[in-house]
Structure formats: C-alpha cells, structure tokens
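Working notes, beginning with the structure itself.
The values are calculated or read from the model by the stated rules, or taken from the named source; none is laboratory data. Quantities reported herein were computed from a predicted structural model and do not represent experimental measurements. Cβ sites come from the backbone with ideal geometry, for glycine too, and all protein chains shown count toward neighbours.
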Amino acid sequence: MSPELRRLTHEVPPALEIEHLHVSYDGMRALSDVSMVVPEGSVVALLGPNGAGKSTLLRSVSGLVRPESGRIAVHGVRVDRRPAHATARLGVVHVPEGRGIFPSLSVQENLEMCIYAVGHDVDPVGGAVARFPVLGQRLKLPAGSLSGGEQQMLALARALLSRPRLLMVDEISMGLAPLIVQQLFDALRERAKAGTSLLLVEQYIDAALELADYVYVLEKGRIVDVGEPADVRRGGLASAYLGS
Ligand SMILES: Nc1ncnc2c1ncn2[C@@H]1O[C@H](COP(=O)(O)OP(=O)(O)O)[C@@H](O)[C@H]1O
Ligand SMILES: [Mg+2]
C-alpha cells in the first residue's frame with residue numbers, strides 16, 4: 001500500500017477498500033494489482049481512458065464480476081466472494097454505464113419498483129419529482145422514450161431512493177449537455193453533503209474534479225496516480241488522458 005493510500009485509510013474508516021485486485025475476462029487481464037480506498041463520507045473520482053478498466057472495477061465491487069485475486073471490503077465486510085445481492089444489502093448501489101432503467105416500463109413504474117428495495121414508508125414518485133421536476137411531466141411515458149439526460153435523471157433518482165451508503169456511478173454525464181450534467185452533479189453533491197460515500201467514474205473531468213475529494217487515474221488496468229483534485233489541476237498527476 002502506498003503512503004498516500006495508507007494515510008487515506010487511517011484518517012477515516014473506509015467505505016470501500018480494494019487491495020491488489022486482479023480481474024481477467026477469458027484470460028485477458030482487465031485489472032492488474034489495483035488498490036483503492038474510498039474513505040467514508042468522501043467523493044472519489046476514478047478517471048481514465050476508454051478500456052482502462054473503470055467499469056470492470058465497479059462491477060467487481062458490486063459482485064457482477066468475480067475477481068481472480070485480491071480483496072474488496074465494504075464498510076469492513078469482505079465482499080469479493082459474495083453474490084451481488086448480498087453486497088447490495090450492505091448499501092452498495094451501482095448506476096451502470098448506459099441507462100440503469102427499464103426502458104419499456106413507464107417512468108412511474110420504474111420509480112415504484114424501488115418500493116421493494118426501500119420499503120413502503122417512502123414515496124418514490126414524490127421524492128424523484130422533487131429532485132428532478134421534469135420527471136413529473138413524464139410519469140406515464142415509457143422510460144425508453146425519454147431524452148438521454150432524463151433517463152439518467154431517472155436512473156439516479158432510482159439509485160438515490162434506495163438510500164445508498166456507497167453509491168457508484170459510471171459515466172453518468174456521457175453525451176449529455178452541460179446544463180443537464182450540472183443538474184445530475186447537483187443531486188450527487190447534495191447526497192455527498194448528506195454523508196453518502198461516492199465513487200464516480202467520469203470522463204467529464206471538470207464536473208468530477210469539482211466534486212471529488214480524491215482522484216485515482218486508471219490506465220490499462222493499473223492505477224497510475226492518486227491525489228487530490230488540486231494535484232490534477234496543477235498537472236501533478238501523470239496522465240496523457242488528463243493532458244499533462
Ligand atoms: N464482458 C467482457 N468480456 C470481455 N472483455 C471485456 C468485457 N468487459 C470489458 N472487457 C475488456 O476489459 C477492458 C476494460 O474494459 P472496461 O472495464 O469496460 O473499461 P472502461 O470502463 O474504462 O472503458 C477492455 O479491454 C475491455 O475490452
Ligand atoms: Mg466503462
């Protein structure tokens with residue numbers, strides 16, 4: 001473990017701790033010796049070019065991909081040998097790349113389905129519409145007919161309704177207009193302020209750096225740098241991807 005990681009780990013108990021993670025697909029290495037910490041209550045941005053292994057890392061945490069070796073712990077509980085549903089019970093919520101919604105169901109049905117995860121004391125539609133008012137005008141429409149930004153709002157609203165302790169969001173800003181990205185990040189910022197730990201995979205670097213406490217850079221399956229956003233802005237993180 002690097003001195004930087006050790007410092008992060010010991011200052012705050014980690015929401016997520018990954019140690020020496022190796023993941024392969026059919027013998028092809030996707031992650032090599034990846035170690036990472038998301039201190040509880042903090043926002044970590046995971047940056048890196050296409051194919052670096054960012055989505056694979058999130059899938060490994062949520063239990064959708066079985067690591068070859070290494071250790072993943074969520075709030076001190078080892079999860080790398082658990083099925084995804086058991087990890088979800090620890091409060092790990094994953095908004096996957098693309099649209100984490102059911103396109104043929106209506107917006108309202110997408111939200112109401114959350115009741116099974118969060119309990120009947122929650123008003124899923126009211127909560128989502130308060131956060132993203134535009135969804136209130138779309139309730140009866142198939143979710144797949146919404147604009148890309150509205151679909152991401154729906155995906156994020158669903159994720160937030162399930163009261164995550166560790167929320168992992170994969171490229172939510174992909175292909176969206178800056179104004180929409182701002183709205184999504186406002187919702188993430190609000191949740192971070194309320195104490196939820198966030199792991200954000202992003203290509204929209206400015207928005208991610210604005211929100212993040214710590215930044216990791218992944219390239220070709222390896223962590224090549226870790227630091228604070230100011231280090232990235234100063235060009236302190238060595239990465240062609242970041243333009244330094
Ligand atoms: N289901 C899969 N089967 C085989 N190879 C995969 C699969 N998913 C991803 N890969 C490969 O693993 C590497 C990392 O992919 P990914 O985690 O999607 O990267 P990123 O999210 O950073 O773009 C890439 O080389 C990709 O082609
Ligand atoms: Mg990806």
The number of residues in region 166-180 that are away from ligand 2 (no atom under 16 Å from the Cβ) and more than 15 Å from the chain's Cα centre (by Cα) is 4
Kindly indicate whether SER24 is assigned to a strand (DSSP E or B), of a type in the set (Gly, Ala, Ser), assigned by TED's automatic domain parsing to the domain that holds GLY175 and away from ligand 1 (no atom under 16 Å from the Cβ).
no
Residue pairs within 8 Å by beta carbon, gap of at least six or interchain, first lying in region 109-126 and closer than 13 Å to LEU160 by Cα and assigned by TED's automatic domain parsing to the domain that holds LEU154, second of a type outside the set (Lys, Arg) and modelled with pLDDT under 70, listed first then second, are PRO124/VAL118
Of the listed residues (GLY53, GLY98, GLY48, GLY63), the one being within 16 Å of ligand 2 (Cβ to nearest atom), on the phi > 0 side of the Ramachandran plot and out of contact with any strand residue (DSSP E or B) (no Cβ under 8 Å at 6 or more places or on another chain) is GLY98
Heads up, the helices (runs of 4 or more DSSP H) in region 62-151 (entirely inside) with at least 3 residues that are within 22 Å of PRO39 (Cα to Cα) are 84-88
When PHE185 is run through (1) in the same structural domain as SER42 (by TED's automatic domain parsing); (2) in contact (Cβ under 8 Å) with a residue 60 or more places away in the chain, the failure sits at (2)
Note to self: Within region 70-93, does at least one residue satisfy the condition of being of a type outside the set (A, V, I, L, M, F, W, C) and within 14 Å of ligand 1 (Cβ to nearest atom)?
What the structure shows: no
* Asked: Does region 54-61 contain at least one residue that is outside any strand (DSSP E or B) and basic (Lys, Arg)?
  -> yes
